[in-house]
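First the structure, in the form of structure tokens, and then the observations on it.
The values are calculated or read from the model by the stated rules, or taken from the named source; none is laboratory data. Only a predicted model underlies this, so the values are computations on that prediction, with no experimental measurement involved. Cβ: placed from backbone, ideal geometry, glycine included. Neighbour counts: every protein chain shown.
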Amino acid sequence: MRRLAAKVVTVALVVLLVGVLAVVGKAWWDSRLPGTYSVMDYGTVDYGGGSEVGGRGHGSHAGGVSVADLDGPSDPPDTRFRLTARHATIHLASGRAVEALTFDGRSPGPELRVRQGDLVEVTLANEDVDEGVTIHWHGVDVPNAEDGVAGVTQDAVLPGESHVYRFRVEQVGTFWYHTHQVSSKEVRRGLFGVIVVEPRQAPAGVDLVLAAHTFDGIPTLNGDESGGRHRIPAGTPVRLRLVNTDGFQQTFTLSGTPFRVLAIDGTDLHEPGELERVGLTIAGGGRVDVGFTQSPGAVRVGIHDTTVAITLSPHGAPAPAEQPPTADFDPLTYGTPAPTQYDARSTFDRRFELTITRKPGFFDGLPGLQWALNGHIYPDVPVFVVEPGDLVEVAVTNHSKGIHPMHLHGHHVLVLSRDGQPSTGSPWWSDTLDVLPGESYVVAFRADNPGLWMDHCHNLTHASQGLTMHLAYAGVTTPFQVGAAHHNTPE
Ligand code: C2O
Ligand code: CU
């Protein structure tokens with residue numbers, strides 16, 4: 001009797017084990033990313049409660065419009081640039097040499113200054129970056145075909161090849177450009193630069209870009225870890241464009257002057273008040289413009305808790321010590337309200353939820369604790385489907401322990417609330433919104449730029465681990481394919 005019972009137990013255990021192995025094996029098998037695939041064919045379609053357009057494959061139905069046809073104007077350009085991607089050795093002030101990937105031999109790449117309304121043409125050439133490159137215009141809401149995402153809006157540009165981008169810049173402000181091919185490695189290694197869109201009548205004064213980037217663990221400003229000095233006559237209006245090109249937060253401090261935050265993510269703020277000793281924490285990929293009047297003394301602008309700083313003074317004085325911040329800047333209550341085309345009381349055509357968690361599972365065949373979007377691991381993540389003209393609300397919640405600077409391509413979102421607290425300051429438009437652990441934001445945008453758009457974490461390591469998804473306009477298709485077979489790996 002006993003023996004029989006033991007046998008039954010053993011058989012039951014074996015059956016259970018086989019069952020578990022089958023389930024785990026299937027999860028593993030399903031998680032492997034194919035050598036090549038279309039972004040239209042994966043993910044779980046989410047209509048945000050709106051009409052169910054497009055159907056499975058969200059746009060692969062006949063009569064659709066191809067991403068390739070959603071391109072920029074073909075008129076003669078007002079400004080032309082050529083950027084060449086290549087390997088180069090960068091020498092930091094300490095003498096440290098960094099084997100970098102660059103545009104035109106430097107990192108940051110050339111600063112592109114254009115004027116509002118310009119038709120910009122940029123030719124990207126790849127000299128020797130084997131994995132290929134593209135250029136994404138981070139924060140510039142370009143037509144979809146000009147968005148520079150390998151495998152979604154174009155093929156990666158391989159060594160010896162080139163690609164032309166054309167778009168008209170209508171938004172004034174501070175933006176940046178970077179490769180969107182193997183971006184988690186290539187951006188970190190230096191394939192980025194800053195693009196500034198000036199108003200047609202540029203205001204008087206000094207206008208400087210300060211781009212933070214960490215090379216091999218060394219924080220730098222404009223590729224220099226010692227910062228540098230600028231002579232500026234007292235009384236001069238100064239605008240500093242702070243750009244965080246890292247995948248994680250950077251906190252800037254200003255010492256020796258009161259200042260105002262003039263813009264966030266390229267959009268001017270309404271009636272910004274004067275601040276002093278307030279730390280400016282910028283999301284990975286985010287930008288903040290600050291303004292002040294040059295004082296007779298020295299002003300220090302640096303990355304908090306580092307020695308990386310620039311000094312602005314009338315006489316070339318050395319940097320004062322950092323005045324540590326006593327408060328953190330909070331855009332939710334800064335400035336004063338102004339009318340917007342929509343707000344929290346608007347009627348939304350679609351409302352989406354995007355909840356970030358971690359869960360055990362397989363990602364591309366590897367087991368581990370994975371990022372999950374609405375409970376699903378990439379490529380099984382949601383695809384938000386919209387129609388042109390829709391007013392869209394998205395509630396983004398971070399239930400993980402990581403910080404996620406969420407970046408939606410092709411659109412700016414209006415922040416409505418954080419953790420239920422409404423935005424009561426200046427209208428706060430963002431393209432790279434830091435969502436801290438436990439936080440929940442409600443944002444709104446108008447679906448006014450048809451295409452297939454990435455929506456991902458700008459901690460590009462997280463994105464490469466699956467914290468990425470798409471916003472798809474119904475009926476838009478792409479002829480491009482992601483996957484090793486096509487050399488297209490946007491993350
Ligand atoms: Cu700055 Cu999808 O990127
Ligand atoms: Cu993240």
Check your understanding: Has region 328-351 got at least one residue that is without any contact (Cβ under 8 Å) to a residue 12 or more places away in the chain and within 16 Å of ligand 2 (Cβ to nearest atom)?
Key -> no
Review point. Quick check, is residue 434 farther than 25 Å from residue 131 by Cα, within 13 Å of ligand 2 (Cβ to nearest atom) and under 19 Å from the mean Cα position of the chain (by Cα)?
Key: yes
Exercise for review: State whether one or more residues within region 439-447 are modelled with pLDDT under 95 and of a type in the set (S, T, N, Q).
Suggested key: no
Review point. Considering region 262-283 alone, what residues qualify as being in a loop (DSSP other than H, G, I, E, B), within 16 Å of ligand 1 (Cβ to nearest atom) and out of contact with any Leu (no Cβ under 8 Å at 6 or more places or on another chain)?
Key: 265, 266
Point to revise | Test: residue 328 is surrounded by fewer than 20 Cβ atoms within 10 Å (Cβ to Cβ) and within 23 Å of the chain's Cα centre (by Cα) | key: yes
**Study point:** Subset of region 443-473 that is among the hydroxyl-bearing types (Ser, Thr, Tyr) and not in a helix (DSSP H, G or I) - its residue that is farthest from residue 51 (Cα to Cα)
**Key:** 468
Check your understanding: In region 146-177, which residue that is within 16 Å of ligand 1 (Cβ to nearest atom), of a type outside the set (A, V, I, L, M, F, W, C) and assigned to a strand (DSSP E or B) is nearest to residue 477 (Cα to Cα)?
Key -> 154
Revision key, fill the gap. Residue 461 vs (1) within 18 Å of the chain's Cα centre (by Cα); (2) crowded, with 20+ Cβ neighbours inside 10 Å: all pass except (2)
Review point. Of everything in region 474-491 that's in a loop (DSSP other than H, G, I, E, B) and surrounded by fewer than 24 Cβ atoms within 10 Å (Cβ to Cβ), which residue is nearest to ligand 1 (Cβ to nearest atom)?
Key: 489
Exercise for review: Determine which member of the set 390, 431 is modelled with pLDDT of 95 or more, of a type in the set (D, E, K, R) and crowded, with 23+ Cβ neighbours inside 10 Å.
Suggested key: 431
Practice item. Answer yes or no as to whether residue 331 is in contact with a strand residue (DSSP E or B) (Cβ under 8 Å, 6 or more places away or on another chain) and at pLDDT 95 or above. Key: yes
